[in-house]
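Peer 1: Handing you a structure now.
The values are calculated or read from the model by the stated rules, or taken from the named source; none is laboratory data. These numbers come from a predicted model, not from an experiment. Cβ sites come from the backbone with ideal geometry, for glycine too, and all protein chains shown count toward neighbours. Accessible surface is based on the protein model in full, side chains and every heavy atom, while ligands, DNA and RNA are left aside. Shrake-Rupley method; radii C 1.70, N 1.55, O 1.52, S 1.80 Å.
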Amino acid sequence: KAMGCTTIMQCGDFGFVWDNDIGKVNQVLDWVDGVLRNAGLTLVFLPGNHENHPMLARLAEAADRNEDGHYILRPTILYTGRVAAWTWSGLRLAAVGGAASIDSDLRVAGESWWPEEVLQPHEVERAAALGPVDILFSHDAPVGVPVRLVPDVTSMAHREYMTFIGGQLAPAYWFHGHYHSSIHYKFVRWGGVTTVRGLHCNHAARRTDAMVAINLAAIRDGLSVKQYREGPA
């Protein structure tokens, strides 16, 4: 709020929809909604791997959707769904959720880990078919993310999914989470290069490692190639 932001885009592992008790989940969402209302902010989130995915699906099924196609969980809390695209400030944006947990064998299925965490092939196809976007938000990263990785077949396969999706969507900018590191790198794709920013988690030593303020109008006006569909200023 102090930086002049009006909307928070949260890149997965939201953390507030975790319990299997819908009553407790609603209590927590009400509390977060109150905090956001007091700050005059709206929060939009996409799914990470550490989510209660069946609960998210249940909440989405019962929710209305706004003009952007986001599920209205509360007046100030919006859920993108697992794959989505919309327009803000004349820029075409996309959200692609999911990632693989490298510690799933240490968790309890249905309580602290859910197999729905990874994108399914039909969701990969849906994401790739969204068409060109200006900004991509995701939880996972493409192949080549510059962090030290634990060898894991499922994680590697999911990064390959994201590489394919990123190549098809060809964003100018890409923001993701998952790796608990603040990183800047380039994603080289057919036809160009994407600027990528990986965000740290809430345990980051510096707040600026876990968040970045984005001026959409400045990005829109600064892009040399307009990928987006014309929208309002």
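Peer 1: Identify, please: which residue in the range 78-92 is under 11 Å from the mean Cα position of the chain (by Cα) and part of a strand (DSSP E or B) and is, among those, surrounded by the most Cβ atoms within 10 Å (Cβ to Cβ)?
Peer 2: Taking the candidates together, the pick is TYR79.
Peer 1: Considering (1) modelled with pLDDT of 95 or more; (2) within 19 Å of the chain's Cα centre (by Cα); (3) open to solvent by less than 60 Å² (accessible area, probe 1.4 Å); (4) aliphatic (A, V, I, L, M), say which one ILE72 fails and leave the rest.
Peer 2: The number of the failed condition is (3).
Peer 1: Residues of the range 108-125 being outside any loop (DSSP other than H, G, I, E, B), more than 13 Å from PHE164 (Cα to Cα) and among the acidic types (Asp, Glu), which ones?
Peer 2: GLU116, GLU117
Peer 1: Return yes when HIS200 is part of a loop (DSSP other than H, G, I, E, B), open to solvent by less than 80 Å² (accessible area, probe 1.4 Å) and on the phi > 0 side of the Ramachandran plot and no when it is not.
Peer 2: no
Peer 1: For the list (1) at pLDDT below 95; (2) open to solvent by 60 Å² or more (accessible area, probe 1.4 Å), I need the number of the one condition that GLY15 fails.
Peer 2: Evaluating GLY15 over (1) at pLDDT below 95; (2) open to solvent by 60 Å² or more (accessible area, probe 1.4 Å) leaves (2) as the failure.
Peer 1: Further question on the same structure: What are the residues in the range 52-77 that are polar (S, T, N, Q) and either in a strand (DSSP E or B) or closer than 16 Å to LEU29 by Cα (or both), if any? Before the answer, list the steps.
Peer 2: Looking only at the range 52-77, we keep the residues that are polar (S, T, N, Q), and these are 52, 66, 76.
Those that are polar (S, T, N, Q) and either in a strand (DSSP E or B) or closer than 16 Å to LEU29 by Cα (or both): ASN52, THR76.
Peer 1: I'd like to check something: does the range 1-12 contain any residue that is over 24 Å from ILE135 (Cα atoms) and not acidic (Asp, Glu)?
Peer 2: To start, the set of residues in the range 1-12 that are over 24 Å from ILE135 (Cα atoms) comprises none.
No; the residues of the range 1-12 include none that is over 24 Å from ILE135 (Cα atoms) and not acidic (Asp, Glu).
Peer 1: Considering only residues that are touching a residue at least 24 places away in the same chain (Cβ under 8 Å) and among the polar types (S, T, N, Q), which ones fall in the range 119-162?
Peer 2: SER138, THR154, SER155
Peer 1: Another question, then. Test GLU123 against the criterion of being crowded, with 21+ Cβ neighbours inside 10 Å, farther than 17 Å from ARG220 by Cβ and among the charged types (D, E, K, R), and give yes or no.
Peer 2: Criteria not met by GLU123.
Peer 1: Being within 23 Å of GLY198 (Cα to Cα) and surrounded by 15 or more Cβ atoms within 10 Å (Cβ to Cβ): is that true of LEU29 here?
Peer 2: The answer is no for LEU29.
Peer 1: Also, I was wondering about something else. Find the residue count for the range 33-54, including only residues that are open to solvent by 10 Å² or more (accessible area, probe 1.4 Å) and either in contact with a His (Cβ under 8 Å, 6 or more places away or on another chain) or not basic (Lys, Arg) (or both). Talk me through it step by step, then tell me what you get.
Peer 2: We begin by selecting, within the range 33-54, every residue open to solvent by 10 Å² or more (accessible area, probe 1.4 Å); these are 33-43, 50, 53-54.
Restricting the remaining residues to those that are either in contact with a His (Cβ under 8 Å, 6 or more places away or on another chain) or not basic (Lys, Arg) (or both) gives 33-36, 38-43, 50, 53-54.
Qualifying residue count for the region: 13.
Peer 1: If you scan the range 167-177, which residues turn out to be in contact with a Leu (Cβ under 9 Å, 6 or more places away or on another chain) and open to solvent by 20 Å² or more (accessible area, probe 1.4 Å)?
Peer 2: GLN168, ALA172, TYR173, PHE175
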